[in-house]
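The values are calculated or read from the model by the stated rules, or taken from the named source; none is laboratory data. The model shown is predicted, which means the values in this text are computed figures rather than measured ones. Cβ placement follows ideal geometry from the backbone for every residue including glycine, while neighbour counts extend to all protein chains displayed. To get the accessible areas, we keep the full protein, side chains included, count just its heavy atoms, and leave off ligands, DNA and RNA. Shrake-Rupley method; radii C 1.70, N 1.55, O 1.52, S 1.80 Å.
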Amino acid sequence: QFGRTEVIDNSLNPDFLRKFVLDYFFEEKQNLRFDLYDVDSKSPDLSKHDFLGQAFCTLGEIVGSAGSRLEKPLTGIPGKKCGTIILLAEELGNCRDVATLQFCANKLDKKDFFGKSDPFMVFYRSNEDGTFTICHKTEVVRNTLNPVWQAFAIPVRALCNGDYDRAIKVEVYDWDRDGSHDFIGEFTTSYRELARGQSQFNVYEVVNPRKKMKKKKYLNSGTVTLLSFAVESDHTFLDYIRGGTQINFTVAIDFTASNGNPSQSTSLHYLSPYQLNAYTMALKAVGEIIQDYDSDKMFPALGFGAKIPPDGRVSHEFPLNGDADNPACNGIEGVLEAYHRSLRSVQLYGPTNFAPVVNHVARSAAAVLDGSQYFVLLIITDGVISDMAQTKEAIVNVSPAGRWVPLDGVQGSARVGVLWAMVELDGDDIRISSRGKVAERDIVQFVPFRDYVDGGDSPVLSMARLAKDVLAEIPDQFISYMKARGIKPQPAPPSPDPP
């Protein structure tokens, strides 16, 4: 039990006020259950009250719904309509703003025997206990008493922790090569003052307290002036989802002969009546999370590396549902049905070419560049890649479009050479390049399936860990794409009036 709402007396249409704060993780399936009771006494024991119904969903379902508003029927009492529950989610927006500031100084103290000072500034935010925490340091401007520092961006949260009146202390130093920087002076301000922008209020005297104590005629060690101030909201993944951006999820499955004969239990494609095969497990684990972010729940599903009917030609880009014009399947269950049907009709062959399915999704992505859709391709493969050069080129060409290509290796046995080839596509350490052109961003995540089935966990826990690692990078990749293209989220649609 996570928490309880307040009790609303004598109402069949209660509007609960109490909010519940949960940590949200895109890459995890966060199951929620809501139970409703009619309170009959002051007892905290739920069995003493009348059960009215319950609803199940995931946190992803709520935030992935239009306007982050989800309606679910209440169930749990056989033969009775229990009403409807309306769930609303909002991201805690405390201090998601980013401030951009630029400063200059005038007539700072000369600290160097030869030449002028080399000034830089250090910013500190005050804490509740009166201490200060460093939050920014400017660059050093060499050999000047009148420096103009470069503009810098800093989260408002880092600058004042959301308290606009909290003191911000700024110290000015003369840089020395040996690290014994000379203190020039300091001043204090606040976020509220800085937010006034360039004005007479934001010209600060830089004061050295020791000098002030020693010299009666001491005024200051120069002045610092705020040249510009701007603030904008740092948009989050959920801002875009609330504004209607859909995750367009495509799956591509490896049908090459290296997977083994599907009719034999040693095959990765073996359909056992008792347990799921590796491909089905991987698809369900990832698909059940990502489907919450696609409103129509129609997922293109492709196969590669097989001879397909009716003429037995080898294809590296065939629709699992048999419809070349529309390879989309209805829900993850529809994808699984099409996969199982394909296993019975195609002949596993080869080679293992990734480039055609990458280019297939790239063509779809190139047609939607307004930020209304974001394309994710899940390739489930046994890892024996044949067209490395072409795949690299396809990934390099598609990376500017911000499309993220997770690769899920389901090897049955260790193939060290194969693993290294797959890891080479995952640009975490070294960015992929092709013909001298480097991928604009790392858009590939390789996850070896066997790491999740050999650890001794239950299958459910293993697949939860698999999905988490496959999907963990998507929100950051998504945001970096939107920022690079200057795409801002659409405003969330207004919530409809309650019935």
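Listing for the model above:
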quantity	calculated
Test: residue in region 96-119 that is closer than 30 Å to residue 239 by Cα and of a type in the set (Phe, Trp, Tyr)	no
Pairs with Cβ under 9 Å, 6+ apart, first in region 348-367 and in contact (Cβ under 8 Å) with a residue 60 or more places away in the chain and assigned to a strand (DSSP E or B), second among the basic types (Lys, Arg) and open to solvent by 10 Å² or more (accessible area, probe 1.4 Å)	348/307; 349/307
Any strands (runs of 3 or more DSSP E) falling wholly within region 217-327 and containing at least 2 residues that are in contact with a helix residue (DSSP H, G or I) (Cβ under 9 Å, 6 or more places away or on another chain), open to solvent by less than 50 Å² (accessible area, probe 1.4 Å) and not assigned by the TED database to the domain that holds residue 476	223-233
Selected residue (criterion: farthest from the chain's Cα centre (by Cα)) from residues of region 337-360 that are closer than 15 Å to residue 319 by Cβ and open to solvent by less than 10 Å² (accessible area, probe 1.4 Å)	342
Residue satisfying condition, being free of Cβ contacts under 8 Å to residues at least 24 places away in the same chain, of a type outside the set (S, T, N, Q) and closer than 26 Å to residue 474 by Cα, within set 310, 327, 319, 300	319
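Residue-by-condition table, conditions (1) touching a Gly at 6+ places or on another chain (Cβ under 6 Å); (2) under 19 Å from residue 14 (Cβ atoms); (3) open to solvent by less than 30 Å² (accessible area, probe 1.4 Å):
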site	(1), (2), (3)
47	no, no, no
81	no, yes, no
86	no, yes, no
96	no, no, no
118	no, no, yes
123	no, no, yes
